[in-house]
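Here's the structure we're looking at; comments come further down.
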There are 4 protein chains.
Amino acid sequence: METVSRAATGVTRSRTPRPRADALRNRERIVTAAREMFVEFGPDVPLDEVARRAAVGNATLYRNFPDRAALVHEVVLAVTSRTTDRAEEAAAEESDPFAALSRFVHAAADERIGALCPMLSGGFDKDHPELLAERRRLEEAVEGLVSRAMSAGRLRTDIAVGDVLVALSQLTRPLPGTGCLHIDRFTHRHLQLFLDGLEAPARSELPGTAATLEDLRRRP
Amino acid sequence: METVSRAATGVTRSRTPRPRADALRNRERIVTAAREMFVEFGPDVPLDEVARRAAVGNATLYRNFPDRAALVHEVVLAVTSRTTDRAEEAAAEESDPFAALSRFVHAAADERIGALCPMLSGGFDKDHPELLAERRRLEEAVEGLVSRAMSAGRLRTDIAVGDVLVALSQLTRPLPGTGCLHIDRFTHRHLQLFLDGLEAPARSELPGTAATLEDLRRRP
Amino acid sequence: METVSRAATGVTRSRTPRPRADALRNRERIVTAAREMFVEFGPDVPLDEVARRAAVGNATLYRNFPDRAALVHEVVLAVTSRTTDRAEEAAAEESDPFAALSRFVHAAADERIGALCPMLSGGFDKDHPELLAERRRLEEAVEGLVSRAMSAGRLRTDIAVGDVLVALSQLTRPLPGTGCLHIDRFTHRHLQLFLDGLEAPARSELPGTAATLEDLRRRP
Amino acid sequence: METVSRAATGVTRSRTPRPRADALRNRERIVTAAREMFVEFGPDVPLDEVARRAAVGNATLYRNFPDRAALVHEVVLAVTSRTTDRAEEAAAEESDPFAALSRFVHAAADERIGALCPMLSGGFDKDHPELLAERRRLEEAVEGLVSRAMSAGRLRTDIAVGDVLVALSQLTRPLPGTGCLHIDRFTHRHLQLFLDGLEAPARSELPGTAATLEDLRRRP
DNA sequence: GATGAATGAGGCTTCATTCAT
DNA sequence: GATGAATGAAGCCTCATTCAT
């Protein structure tokens, strides 16, 4: 359950006579390197550097991903997918609904969900069907966590899944160039403070209105 | 006109004979444009674009700021300073110490304190004396807000000024390319949730240890 | 009358406070170098080489012409314009109408009208208004030459201006890499043979139908 | 008579144990695809595209032709050979000597002899013995057509085989990217005009001197 | 023998910075 | 002092060619 629940699908169906083993490995290495370097240096990191980190020639990268947008697409997909896995794990394995939400939030930080933020800016298709589907899957999983915690009276009722995901992403956004060193020192503290603020009973009245992920995606 | 104004100034300190009025105005416009564009498009925005927004030639920008680092320096200084002003205002004008902290947090968001985050990455001297001093000033002001709220029993005691400022910065970090549109829709909600988490009594035990701004700056 | 009858126009009109002298010179040098190198090596010649021949930095080329298409556009415009000038000269200065046409054909070869052929392939806007206008002007001028020669009974009547211009272009198309050396040795011979074929009375019946330049431009 | 009058020569001398049938077919398909695509897109067409059109892997192409020059060599050879075939056909089947020349000229256009022009530029060995021999064969065949037409008094006497072949090539040179669509609409008209100019009696005095194909090849 | 994949060199284009008016 | 223009270094991407299955 750990790894690529999505990327490895759809291989043995059609005409394509099976990708070669080393090619698959290369592709995987590129995505991994890209994820790491996007996290560490931001989404403008030179693709040649990504290729070097992946230990492949730059043209191999371009063979697999025609342009930067394609690579970003893949990384966003991977991070979203892995994060969703964490949400489903938390839902399945934690009996206390607020503990489940809490576990997910901290796990999502470790998956570097915050790295998605800067990537959402670039010129890539945020409405791509694959992405849309994966985002829906994430939203549903987190929606499950939220609604159960809310039903149990553990979560304040004036927030929605969008609030959780956006704040979570912001709080875990990496600082380019720092190598994420501060994440382990501070981020989990701040996430915990945020979770404390989410807990019922509400200690204040919130401005604005709760929102879904789709609201975020749209131009407001 | 030039000679008159120069002759009229009675200052005998330095060699520089007081900059011309339009030169000062230009410098100010550049800093303002840079602050806006750093917020809107991130710290990698082309300097030619900044110059255009400021309605000056690019060479004028370089006359005032020898390189990008110098401009970033100035903007960081300005944002820090303005944010400090907000902290001092809040301290002076709010009687309730937690309300003061709260007011500061929301005001700092409007000053785009979050824009500092990405700028702290680039190759500019974070230890410059001017910056150090301004950061100290900010830290002291916020330290005042925090300690008073804590003394009044309104703030949980396991946090420190570093927690407030870092989380505040992260939660208000702009998404490049979005024109900050989401700030007004979501950010203040999430700040409020964070503030609720800060309030005493503490609802959880925090991982890690509280820290100052200087801790953040260092390589851990 | 020799040179840039078009490029030098429209300078002193508007807001733009007059381009600097050296900038104009640079622009002119770039266009000249591009024309020469397109002729000599074809339209795929590296732009860095064009810049080198023009003795400017490559970025200067890109400042003046955002991409290859813009540069091709300018060169096509220049060649067309200069060729039109030759047509008008011939019309004005030759009394015999067939001699006028003949003089134009040979002069157009010297203007390297054949270099237009390969450039018409690339991804640039062949319907740009400027180009359209210039092409019309050329067509009108040559149409004048043709119709007068035809009226005088010197030209066969089953051809049209498109035939003259297309065949002329083809016969004078440079061979990339040869430095046009063969032009002076052979091209004028073949043009003369073609002219002899154009002369009345017609010695054969032509297949197909006569056409205008616009017909050529369209996807047939 | 159609195809490889030269390449398939059944010499059984050497070591190579006769290529497999599918290998031969592949080689043939590559040459055909290359010829078509050189005509359609020019001699710089990516070899991967040629391989795709030939429906073979790119490495298969490189197995048969070590580099682009080798492929160009083969295509030039093939086109030259097929054109020579047309010349010999015309000589054999037409009783009127000028009609034979005329028939050859139009047939050569259909063989895309014009596509040779751009290929003669690239970095391939134009003096390769095979090519030299083939070019001689073509020249002899056309020389036969020319001299017989001239002897019959049907052809002006101030031209030579080089004039015919060069002008013929130029007039039929494809415009890259157009898919040769204009060939059928215009080229045969212009060839006819050229033939009319070739016919005796000469209507003008030609500049320069007549030349052979070898003259063309040399740097003058 | 045939193939898909990998590679490095090279062209295009942008941008921080410097220069000439 | 202010400006537009010039520049070289660097990133993106393509393609001829080589390698591993």
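Numbers for the structure displayed
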| read-out | value |
| --- | --- |
| Test for residue B:168: is it at pLDDT 95 or above, open to solvent by less than 10 Å² (accessible area, probe 1.4 Å) and more than 8 Å from chain A (Cβ to nearest Cβ) | yes |
| Top-ranked residue of segment A:37-68 - restricted to ones that are within 8 Å of DNA strand F (Cβ to nearest atom) and within 14 Å of chain B (Cβ to nearest Cβ), ranked as farthest from residue A:175 (Cα to Cα) | A:46 |
| Single unsatisfied condition, residue A:149 versus (1) open to solvent by less than 50 Å² (accessible area, probe 1.4 Å); (2) among the aliphatic types (A, V, I, L, M); (3) at pLDDT below 85 | (3) |
| Selection status of residue B:144, facing chain A (nearest Cβ under 8 Å), open to solvent by less than 60 Å² (accessible area, probe 1.4 Å), modelled with pLDDT of 90 or more and assigned to a helix (DSSP H, G or I) | no |
| Count - residues of segment A:35-68 that are assigned to a helix (DSSP H, G or I), surrounded by 15 or more Cβ atoms within 10 Å (Cβ to Cβ) and of a type in the set (A, V, I, L, M, F, W, C) | 9 |
| Yes/no for residue D:124 being open to solvent by less than 30 Å² (accessible area, probe 1.4 Å) and modelled with pLDDT under 95 | yes |
| Positions within segment A:22-36 being touching a residue at least 12 places away in the same chain (Cβ under 8 Å) and either within 11 Å of DNA strand F (Cβ to nearest atom) or out of contact with any Lys or Arg (no Cβ under 6 Å at 6 or more places or on another chain) (or both), in sequence order | A:26, A:27, A:28, A:29, A:30, A:31, A:32, A:34, A:35, A:36 |
| Of all residues making up segment D:77-113, the number that are without any contact (Cβ under 8 Å) to a residue 12 or more places away in the chain and open to solvent by less than 40 Å² (accessible area, probe 1.4 Å) | 1 |
| Unmet criterion (only one of (1) outside any helix (DSSP H, G or I); (2) away from chain D (no Cβ under 11 Å); (3) of a type in the set (Asp, Glu)) for residue C:158 | (2) |
| From B:90, B:78, B:69, residue being farther than 24 Å from residue A:114 by Cβ and modelled with pLDDT under 95 | B:69 |
| Search result, residues across segment D:108-133 that are part of a helix (DSSP H, G or I), within 25 Å of residue D:196 (Cβ to Cβ) and more than 14 Å from chain C (Cβ to nearest Cβ) | D:108 |
| Residue within segment D:70-78 that is touching a His at 6+ places or on another chain (Cβ under 6 Å) and within 14 Å of another protein chain (Cβ to nearest Cβ) present | no |
| Considering residues of segment B:174-199 that are at pLDDT 95 or above and either part of a loop (DSSP other than H, G, I, E, B) or of a type in the set (Asp, Glu) (or both) only, the residue least open to solvent (accessible area, probe 1.4 Å) | B:196 |
| Pair list, Cβ under 6 Å, 6 or more apart: segment C:137-150 residue more than 12 Å from residue C:97 (Cβ to Cβ), other residue of a type outside the set (Val, Ile, Thr) | C:139/C:213; C:141/C:87; C:141/C:88; C:142/C:87 |
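The values are calculated or read from the model by the stated rules, or taken from the named source; none is laboratory data. Just so it is clear, the model here is predicted, and its values are computed rather than measured. Cβ: placed from backbone, ideal geometry, glycine included. Neighbour counts: every protein chain shown. What goes into the accessible areas is simple: the full protein's heavy atoms, side chains included, and nothing from ligands, DNA or RNA. Shrake-Rupley method; radii C 1.70, N 1.55, O 1.52, S 1.80 Å.
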